[in-house]
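No lab work stands behind these numbers, since they all come straight from the coordinates. Just so it is clear, the structure is predicted and the values come from calculations on it, not from any experiment. Here the Cβ positions follow ideal geometry from the backbone for every residue, glycine too, while neighbour counts run over all protein chains shown.
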Amino acid sequence: MTSFVRNQWYVAAFGREVGRELFARTVCGEPILLWRTESGAVTAMSDRCVHRRFPLSQEPSRIVGDQVVCGYHGFTYGADGVCVSVPGQKRVPRTARLTSYPVVEQDSFVWVWIGERELADEKLVPRAPWLDHPGYTTVSGMEPLAARYDLLVDNLLDLSHETYLHGGYIGTPEVAETPITTEVDEAAGVVRVSRRMDDAACPPFYANSTGIEGRITRWQDIEYHAPCLYLLHSRVAPVGSRPPEPDGTDPDGFHMEVVYAITPETEHSTHDFWAVARDFAPDDQAVTDFVHDNNRTVVLQDVVALDVLEKAISAERDGYQELSINIDTGGLAARRILKRLAEEGARATAGSTSAGAEARGSA
Ligand code: FES
Ligand SMILES: [Fe+2]
């Protein structure tokens, strides 16, 4: 049994990555083939031909209209994964169908449901509306991480590391010095961690992008929607400027919506999707380039650190007891929620397997 949290929505790709070419990505250990039909809809199915397991993403497999033809012996599948023709015979075996995955394309992401299909509820896909909102300018990317996904969850929920790992980019002494408040909504699977700095140095990432000179008030309000979506609502403003109005308008504030989708690839590797949407200098290409390059550098600093950490932990004896302090409150809450979701997912899968066995037994 794996530790993946099943029966959940995960980001498999940015919408821009998926087109009329066959595209593969492994999510929670499952190799998934993604492509668009002629109408532009994204479709997701197993990337292993039912015949001899040839990866359908591999040349010379190809898309013909709204069908995929396996490049090994020509099994042909519709967009629903059902095999419609096989070579050398008229009859297509009834069981010749690929696992197909429920898909939602939203907020520039392609989400897939990993788990029991009948439990998929599109309304439960968490939102990151800034990423394709006309009032925001967004940069984004995906970095492969050779580390288990919970290390990235831990990393993102405790931003005190910015001071040390990202000094000279987004870290200043005040981040590590300022205590956090944490709220946990166990039922919704959401962890909120806030850090409000009243008078802090402005790190280069914000100084160069906003043009603020001097000290800032800096708010970091995290919302983690377990297991996959992480939002950091970041607000900076010159010290002494007006706070946001009660109705949410905030003429003195500069806002960045920092979004991560944390998608397990295997037990020990992760797709680290990142995006930054800003509401200022929307058409300034120099700012866009700076935010992209600087943020990617920061993401890669985490990737290097977490890749090292994965190696260290993998070599560790079982049962090592970590030491946690106040800054870890959010991360520990996230771990608790992920453990519960993993157990619930495993129970639902076991339940549907035994229900299926009963149904087959009584047929
Ligand atoms: S492996 Fe795909 S048709 Fe044989
Ligand atoms: Fe980081």
If you place +1 on the Cβ of every Lys and Arg, -1 on the Cβ of every Asp and Glu, and leave all else neutral, what size is the dipole of segment 8-123 about its Cα centre, to the nearest 20 Debye?
620 debye
How many nm is it between the label spots at Glu245 and Ala176, if each spot is 7 Å from the Cα in line with the beta carbon?
4.0 nm
Whole-Hz Karplus ³J(HN,Hα) for segment 255-266, in order, using 6.51 cos²θ - 1.76 cosθ + 1.60 and θ = phi - 60°, x for Gly and Pro?
10, 10, 9, 9, 10, 10, 10, 10, 10, x, 9, 10
Taking only C-alpha pairs under 8 Å that are 6+ residues apart, what is the relative contact order of the chain in percent?
18 percent
Per-residue [θ]222 nm for the chain (sum of -39500 (n - 2.57) over DSSP H runs n ≥ 4, rounded to 500):
-8000 deg cm²/dmol
Once both labels are modelled 7 Å past Cα along the beta-carbon direction, what's the His73-Leu323 spacing in nm?
6.1 nm
If you average the sequence gap of Cα pairs under 8 Å that are 6 or more apart and divide by the length of segment 8-123, what percent do you get for the contact order?
26 percent
Search the structure for amide H atoms under 5 Å from the amide H of Ala13, placed 1.01 Å from N in the peptide plane, and list their residues when 5 or more places away or on another chain.
Val110
Please compute the Kirkwood hydrodynamic radius of segment 8-123 from all pairs of different C-alpha atoms, in Å with one decimal.
14.3 Å
Counted charge near Gly71, where neighbours are those whose Cβ lies closer than 14 Å (Asp, Glu -1; Lys, Arg +1)
+1
Suppose each label sits 7 Å from its Cα in the direction of the beta carbon; what would the Ala315-Thr297 distance come out to in nanometres?
3.0 nm
Estimated vicinal HN-Hα couplings, Hz - segment 27-44 in sequence order (Karplus 6.51, -1.76, 1.60; Gly, Pro = x)
10, 6, x, 9, x, 10, 9, 10, 7, 9, 6, 4, 7, x, 6, 7, 10, 10
For segment 275-280, what does the Karplus curve 6.51 cos²θ - 1.76 cosθ + 1.60, with θ = phi - 60°, yield as ³J(HN,Hα) per residue in whole Hz, taken in order and with x for Gly and Pro?
8, 10, 10, 10, 10, 10
Just to confirm the filter: which trypsin sites (Lys or Arg not before Pro) across segment 283-357 are DSSP coil and have at most 16 other Cβ within 10 angstrom of their Cβ?
Arg317
Along the positive direction of the dipole of the chain (beta-carbon charges: Lys, Arg +1; Asp, Glu -1; about the Cα centre), which of Gly29, His271, Ala305 reaches farthest?
Gly29
I'd like the GluC sites (Glu not before Pro) in segment 1-93 restricted to DSSP loop residues with at most 16 other Cβ atoms within 10 Å, sorted by number.
Glu21, Glu38
Candidate span helices, the chain: DSSP H, at least 24 Å along axis from Cα coords, Kyte-Doolittle average at least -1.0, result 285-314, 329-362
Quote the FRET efficiency, to the nearest 0.05, computed for His51 versus Asp283 with a Förster distance R0 of 56 Å and r equal to the Cβ-Cβ distance.
0.60
